[in-house]
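Please treat every number below as a calculation from the coordinates, not as lab data. Worth saying up front: this structure is predicted, and the values here are computed from it rather than measured. Backbone-built Cβ (ideal geometry, glycine too); neighbour counts: all protein chains shown.
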Amino acid sequence: MAERSDEAFIIVREFMTRGLGLTGLPLLVYARIYGFCESGSPYFESKAHLGKILGVDTRSVVRAVRKLEEAGLVFEVGRQELSKGRETKVYRIDFEAARRAKGAIEGAGQSTHGEMPSDEIRANAMGGPRAAPVPPSA
């Protein structure tokens, strides 16, 4: 049986920062939700669990989700029952907004990451974003 990894990670993509203008906790919450939804799964992780992963309190996660909902970037699609009779909200990403943001980045020219093969900056949820490698000077 495979071991369960307790290390959570989040992938922050360039369109999330440059195209959608997200920063701070809303950026990390959006990236976490996006990661689930991009794979075809709805997102229904409890806000308390996400707060634990990100090292913030539940109220901060609630405020970040509300901000994302108000911006039209995520929306509630139902509820999911959790253990012990609890339930949490289920969220989806507005992929049309994500496509527009990606298009804006592509239309603006080359990525700010130089010759990186992808627009991803991997972020360890416990340690925060890791700096992208700096391309060699020309």
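Quick check for me: using +1 on Lys/Arg Cβ and -1 on Asp/Glu Cβ, what's the dipole size of region 21-66 about its Cα centre, in debye to the nearest 20?
That gives a dipole near 200 debye.
Sorted by mean Cβ packing within 10 Å, highest first, what order do the peptides 30-40, 12-22, 77-87, 98-108 take? Numbers along the way, then the final one.
Working: 30-40: 17.5, 12-22: 20.2, 77-87: 10.2, 98-108: 14.5.
Those peptides, ordered most packed to least, come out 12-22, 30-40, 98-108, 77-87.
If each residue's Cβ is checked for other Cβ atoms within 10 Å, how do Asp57, Asp94 rank with the fewest at the top?
Going from least to most buried by this count: Asp57, Asp94.
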